[in-house]
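These notes concern the structure reproduced below.
The values are calculated or read from the model by the stated rules, or taken from the named source; none is laboratory data. These numbers come from a predicted model, not from an experiment. Using ideal geometry, Cβ is built from the backbone for each residue, glycine included, and neighbour counts are taken over all protein chains shown. Surface areas here come from the heavy atoms of the whole protein model, side chains and all, with no ligands, DNA or RNA. Shrake-Rupley method; radii C 1.70, N 1.55, O 1.52, S 1.80 Å.
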Amino acid sequence: MSDSANSMWGGRFAGGVDAIMEAINASIGFDKRLYAQDIAGSRAHAAMLAATGIITKADHAAIDAGLQQVKDEIEAGNFQFKTALEDIHMNVESRLKEIIGEPAGRLHTARSRNDQVAVDFRLWVRDQCDAAIAGIDRLMRAFLKQAEAGAAWVMPGFTHLQTAQPVTWGHHMLAYVEMLARDKSRFHDARKRMNECPLGAAALAGTSFPIDRHMTAAALGFDRPTANSLDSTSDRDFALEFLSASSICAMHLSRFAEELVIWSSAQFRFVRLSDSFTTGSSIMPQKKNPDAAELLRAKVGRILGATVALFMVMKGLPLTYSKDMQEDKEQVFDAADNLMLGLAAMEGMVKDMNANREVLAAAASSGFSTATDLADWLVRSLNLPFRDAHHVTGSLVALAEKKGCDLPDLTLAEMQTGHPGITQEVYSVLGVDNSVRSRVSYGGTAPSNVEAQVARWKEALA
């Protein structure tokens, strides 16, 4: 590398080794987002230290008031974060000392930055689980509203993105309600497992001070303190669970985003999206691009990438804390931001979209979508083995294809070329509306089923 290139690169770190070490070591640029959790943890810790007689009540009063002032300053935008102080913990403590003096030095009794960051991060991720659950609830309600409105609207059901059998719009919307319900349960499960408090584990081995970890756990809304100090400070599986649940949820959002991209195209015209979630072309005035759906479709890459990145950070670390773990937060912050944005954007698009019922119905009738209904009728009415019925149906599909018409358009005489036992009754199953009404098995697409499932979910989300 040339001297000039070295000089250009080195311009950012003109202070030499000290500047480079400060830049790589500091986390305040991103972990300042933990300020509320850090201050909450410190206030709970100080209250416990006073209750157990480790610090005086006067020192506790000064510390608590000082921490509240620090929080107020941060939220008012009047707090100066300093890279030289490395992280949110030291920035808060340094300012606390400026405000209250000597008692600030007693706050860190019986704890370490190791258990402090563990509790801060766990509190933050727990909050994100709650936010994800709330966002999923809102999106489920948006899908339910669509399902209720279109319980009987027919549309094509696809396999391999080719017309398979007719289904109802409501049934398709409810498929995403089911997916999102599982997503919500994953966040609930992750939250339950992470709801143990690591505060009091100290650096790695616990402490000789007579602390009350159950008191701090309760004060911070945890179910219990963590049971092993080594595990408490060294593991981030709670963050990995959040990221894993986020990745699966984002994948579900991406699947519907893909459908919106396809459905809103001129070739499909299944749905119309308003200007709120689309953009125009700079040179093609007829275009309405589904940009929000396309961007949302890409979000899963960032969220899954964050999941993989944290796995890579953690996979080779011996117990307990290593500085590698400072790389845990940026990935989670980014994934959480993008998941919440994705949920909000998808909620807006689902509320905003209008189904083109006429186009959906016409498409449902195409591609011989009731061929399976014909085969089922042959089994029920003529007692044919299903494989024979399948063969008869295939021959009639070929005939309709040759004539350029659909199955219901074949005459009875033409139907009977496939099998002489076919009667006029066969036409009762061939229309798409008849087809969907007949699918009454539990979980099937019949409008009556859709209405029952909508009622069930509305009650569950009430």
Close pairs (9 angstrom Cβ cut-off, 6 or more residues apart or separate chains): closer than 22 Å to I211 by Cα in the stretch 229-244, in a helix (DSSP H, G or I) and open to solvent by 20 Å² or more (accessible area, probe 1.4 Å) anywhere = S232/N114; T233/N114; S234/N114
Looking only at the stretch 308-322, decide whether some residue is assigned to a helix (DSSP H, G or I), touching an Asp or Glu at 6+ places or on another chain (Cβ under 7 Å) and not small (G, A, S).
-> yes
Among the residues of the stretch 185-202, is there at least one that is assigned to a loop (DSSP other than H, G, I, E, B) and within 25 Å of S247 (Cβ to Cβ)?
-> yes
Within the stretch 419-456, restricting to residues that are in a loop (DSSP other than H, G, I, E, B), of a type outside the set (G, A, S) and within 15 Å of L382 (Cα to Cα), the one that is least open to solvent (accessible area, probe 1.4 Å) is I422
Open to solvent by less than 20 Å² (accessible area, probe 1.4 Å), in contact (Cβ under 8 Å) with a residue 40 or more places away in the chain, among the aromatic types (F, W, Y) and within 30 Å of A118 (Cα to Cα): does that describe F270?
-> no
Inspect all residues belonging to the stretch 164-171 and state whether any of them is under 15 Å from M353 (Cα atoms), open to solvent by less than 30 Å² (accessible area, probe 1.4 Å), polar (S, T, N, Q) and at pLDDT 95 or above.
-> no
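Residue-wise test of (1) within 15 Å of S435 (Cα to Cα); (2) of a type in the set (D, E); (3) assigned by the TED database to the domain that holds V125.
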{"site": "N338", "(1), (2), (3)": "no, no, yes"}
{"site": "G348", "(1), (2), (3)": "no, no, yes"}
{"site": "M353", "(1), (2), (3)": "no, no, yes"}
{"site": "N356", "(1), (2), (3)": "no, no, yes"}
{"site": "A371", "(1), (2), (3)": "yes, no, no"}
{"site": "R380", "(1), (2), (3)": "yes, no, no"}
{"site": "N383", "(1), (2), (3)": "no, no, no"}
{"site": "A389", "(1), (2), (3)": "no, no, no"}
{"site": "V392", "(1), (2), (3)": "no, no, no"}
Can you tell which of L343, L396, L384, L360 is touching a strand residue (DSSP E or B) at 6+ places or on another chain (Cβ under 8 Å), of a type outside the set (D, E) and either assigned to a helix (DSSP H, G or I) or surrounded by 17 or more Cβ atoms within 10 Å (Cβ to Cβ) (or both)?
-> L360
When R113 is evaluated against the numbered criteria (1) crowded, with 22+ Cβ neighbours inside 10 Å; (2) under 33 Å from the mean Cα position of the chain (by Cα), which criterion, by number, is the only one it fails?
-> (1)
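Restricting to the stretch 400-439, name every residue that is among the hydrophobic types (A, V, I, L, M, F, W, C) and more than 48 Å from the chain's Cα centre (by Cα).
L410, L412, A413, M415, I422
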Of the residues in the stretch 253-307 that are more than 21 Å from the chain's Cα centre (by Cα) and not in a loop (DSSP other than H, G, I, E, B), the one that is modelled with the lowest pLDDT is T279
Scanning the stretch 188-242 for residues that are open to solvent by less than 40 Å² (accessible area, probe 1.4 Å) and closer than 22 Å to M312 by Cα gives A190, M194, S232, T233, S234, R236, F238, A239, L240, F242
